[in-house]
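One structure below.
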Amino acid sequence: MCRLVQRLQSSGISDDEYDIVSQDLFNDIVLAGGDLIRRIITTHRTSLVSPRLADHLFLPIPLLRMVDSSPSPPSSCSQNQACSGSLQYTPCANKYFPEEIKHAHPGADNLPFTIPPALPAYHIGQVTVLETLVHDPLVDHVACRVLVDGEEMFCKAERGGVAFGDSVVGRDLRTMLELRAALADLAQDGAQQHPPPAPLRVPGLRGVLHHPREGHVVGFLRDWVPGASLNSYEMADLPVELREAWDRKVAGTLAELHQLGVYWGAAENESVIIDPRGEPWVVDFGAKVNLGLKREEDDREEGDWLDYDFIYHYLRTREVVVSYVSDDDSDQSCSENDMLAGDEEGGGNGDRGES
């Protein structure tokens, strides 16, 4: 194994060779510590689901080391001989990990947007997880239905911080902050010519979450929207009038957002939640937008409507096969999807669609 490490440290190694050697080293580590790795995975999978947000967001990071079991010291390994060894736990404080591992990504304290002081700040200990909706440890991203001070809310967070790169959580938070500021300006100016924000079916931003020790912003809280995503409905089972009403309301919300200078950036079926009263809500902002790129507003608005076309056609088409007899007495069939398309030529549960 030390032979592989020595090759990786060689200044003349090519990219292709580096990839091959890295894979060989990984395979050796798995071979040396397969039993330990399996125990770690099994322990994690069989653990009781914790109601603490910290246990979902800050998964334990096991520190391991390779203990050489060969009779010769590692420096004596020849180019053609791999050193044997076993994988073992190592204490948290050692020469390789002298300090506690930090969760914050580089630059996590330098937010590319401003959080108003009036927006409530919460610490993770105040948040109780009721249901996990999205949990992808590979990207440090969680989305949960939570309880805060006795009230259900929606939480989206990532342990490394929302300022890192093109963060999913950061894009959502940034857009909701823009909407909050636009609505505040509208209320302050009392703009009579602008339509009231009542048509906006967007959950309100409730606060930001900070890392308990490192202090960087890890996520946000917003209103919880009970119901189910648009994708969970079978359009063929719904009356045309209801689908048309949903189309008008979602499109109206999107148009209102654009008038406020805010963009959805995630127009898709899973980002429309139908509440128990049958009202559609727009959620999950910025999922398809790289805010690091300067784009013209017209481009972002057009992109929203292009994405919305998929929702429009989903709402207004029904895949039902209709049989009929043509004038020449031959059996014909077409889908109601085709019929509706011809007529219109001229013209999960709760936030569970979240990403």
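So the values come out like this:
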{"item": "Ranked by how many other beta carbons lie within 10 Å on average, peptides 29-39, 111-121 from highest", "result": "29-39, 111-121"}
{"item": "Ordering of 252-260, 221-229 by burial proxy (mean other Cβ atoms within 10 Å per residue, highest first)", "result": "221-229, 252-260"}
{"item": "Karplus-derived 3J(HN,Hα), 6.51/-1.76/1.60, for each residue of the range 172-177, Hz, glycine and proline x", "result": "5, 4, 4, 5, 5, 5"}
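Coordinate-derived values only; no laboratory data. This is a predicted model, so every value here is computed, not measured. We place every Cβ from the backbone using ideal geometry, glycine too, and count neighbours over all the protein chains shown.
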